[in-house]
1. Which numbered condition trips up residue 52, out of (1) of a type in the set (D, E, K, R); (2) in contact (Cβ under 8 Å) with a residue 24 or more places away in the chain; (3) closer than 30 Å to residue 221 by Cα?
2. Condition (residue is open to solvent by less than 100 Å² (accessible area, probe 1.4 Å), touching a His at 6+ places or on another chain (Cβ under 8 Å) and among the β-branched types (Val, Ile, Thr)) applied to segment 74-84: is it met by at least one residue?
3. Please name all residue pairs, on different chains or six or more residues apart, with Cβ atoms under 8 Å, provided the first residue is in segment 412-431 and is under 19 Å from residue 464 (Cα atoms) and assigned by the TED database to the domain that holds residue 447 and the second residue is part of a loop (DSSP other than H, G, I, E, B) and among the aromatic types (Phe, Trp, Tyr).
4. Any idea which residue in segment 241-269 is farthest from residue 71 (Cα to Cα), counting only those that are among the acidic types (Asp, Glu) and open to solvent by 70 Å² or more (accessible area, probe 1.4 Å)?
5. Let me confirm something: among 321, 297, which residue is at pLDDT below 85, open to solvent by 100 Å² or more (accessible area, probe 1.4 Å), farther than 30 Å from residue 11 by Cβ and not assigned by the TED database to the domain that holds residue 84?
6. Give the number of residues within segment 96-123 that are in contact with a helix residue (DSSP H, G or I) (Cβ under 6 Å, 6 or more places away or on another chain) and not in a loop (DSSP other than H, G, I, E, B).
7. Applying the selection to segment 225-276, what residues are hydroxyl-bearing (Ser, Thr, Tyr) and either in a loop (DSSP other than H, G, I, E, B) or in contact (Cβ under 8 Å) with a residue 24 or more places away in the chain (or both)?
Amino acid sequence: VGNYKRTVKRIDDGHRLCNDLMNCIHERARIEKVYAQQLTEWAKRWKQLVEKGPQYGTVERAWCAFMSEAEKVSELHLEVKSSLMNEDFEKIKNWQKEAFHKQMMGGFKETKEAEDGFRKAQKPWAKKLKEVEAAKKAYHAACKEEKLAISRETNSKADPALNPEQLKKLQDKVERSKQDVLKTKEKYEKSLKELDNATPQYMENMEQVFEQCQQFEEKRLRFFREVLLEVQKHLDLSNVASYKNIYRELEQNIKTADAVEDLRWFRANQGPGMSMNWPQFEEWSADLNRTLSRREKKKASDGVTLTGINQTGDQVSQANKHSSSLSVQSNTVQSVQSSYNPFEDEEDTGSTVSEKEDNKIKNVSSYEKNQGYPTDWSDEESNNPFSSTDANGDTNPFDEDTSPAMEVRVRALYDYEGQEQDELSFKAGDELTKMENEDEQGWCKGRLDNGQVGLYPANYVEPIQ
């Protein structure tokens, strides 16, 4: 009696499982969206770098084919996200709304109907069962009383102090007890017989309600199986013709890369085959040529030495921009790396880690494809902007002297694994020295006991008291 509640509870569980399945699909759709966005950002960033870089010809086109592949795959994953949310998610939501009907007082109509059906089917049999339990209790009590009366009578026969009248009362008590036992036994057996007679009808009624619950649950199970198969079709890109075409096209683009063709192009455009601009006699003109003073020459040549000016102001500024970018490259890397905060939420800020890395990679690129070259040449090392360690990116931004007064001993609260070369790695409980205070992005510069210097998140440590 009452064990039908496990079957009724299955209806409430079915409604909750619909919510769980929707949440599961929603999370997967979000992952597909984020992956698609990251692919697009990666393709955009690297396409710009390759186009501006020194690679040329058919190999450049083969390299760029990977970025085209990423953009197309990104579109497919956005389609997967759209299918999961617009088709699968909505289908479950609508089915749940149609299958489960909420009541004004709480709970579901289907749950109440099942509970009422079980209770109605069980009520007559439960009533007879209660009568059986009462008859059983009365019979057992009568048996106990009979046994007690017989024991008293037996003990009284051995007691000479009892008079015949008292003995007679005990014997009458035993007789009445035997009669009560027979009467309660008969009633107990009768109620059991009635319960047995009612059991088949009870089983039939209960099974009828149970089958109704089974049919309701069968609909949910079959629906879940149908939805899961549709989700599998949406996720399986191997059967999408356009997905196979992407990699067939990528393979073709890579195979079209021809070293001989690229070398021929370079010879014709950048080598001996290019049109030559041999020096010719030029008449002096006060408007077009002027000699720079030593002071002006020094000021204009941060990374490139100019011996004359015969181009427009825009060209001069462009040349200065390229030369200065080479000489301050290491400082740019340091500022970009310190501005990267791994604890910013991607969706809240609208920017991702890949966007920050985009700026970083752009700044550390050695030089651009269309970069201006110095118009003067010299045998002296000091006039070569490419001889400095800054241009090769070998400088260490942490080599500068640090004031000892700034140093503070701190202890790590959590484990941290450095994501970049200029970041420290440590375990919770490790001690290190803070060399600079926290910057605007929440990073500090510190030194480990082994001498390694680098950045770490400020909120990962606490001062040692």
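The values are calculated or read from the model by the stated rules, or taken from the named source; none is laboratory data. On a predicted model such as this, the values are computed, not experimentally measured, just so you know. For neighbour counting, all protein chains shown are included, and Cβ atoms are generated from backbone atoms with ideal geometry for every residue, glycine included. Just the protein is used for accessible areas: all its heavy atoms, side chains included, with ligands, DNA and RNA removed. Shrake-Rupley method; radii C 1.70, N 1.55, O 1.52, S 1.80 Å.
1. Here residue 52 meets the rest and fails (3).
2. Yes - at least one qualifying residue is present in segment 74-84.
3. Pairs found: 428/414.
4. 261
5. 321
6. Adding up the residues that qualify gives 8.
7. Across segment 225-276, the qualifying residues are 242, 243, 247, 256, 275.
Residues checked against (1) in contact (Cβ under 8 Å) with a residue 24 or more places away in the chain; (2) within 30 Å of residue 6 (Cβ to Cβ); (3) not hydrophobic (A, V, I, L, M, F, W, C):
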position: 143; (1), (2), (3): yes, no, no
position: 155; (1), (2), (3): no, no, yes
position: 166; (1), (2), (3): no, no, yes
position: 179; (1), (2), (3): no, no, yes
position: 187; (1), (2), (3): yes, no, yes
position: 194; (1), (2), (3): yes, yes, yes
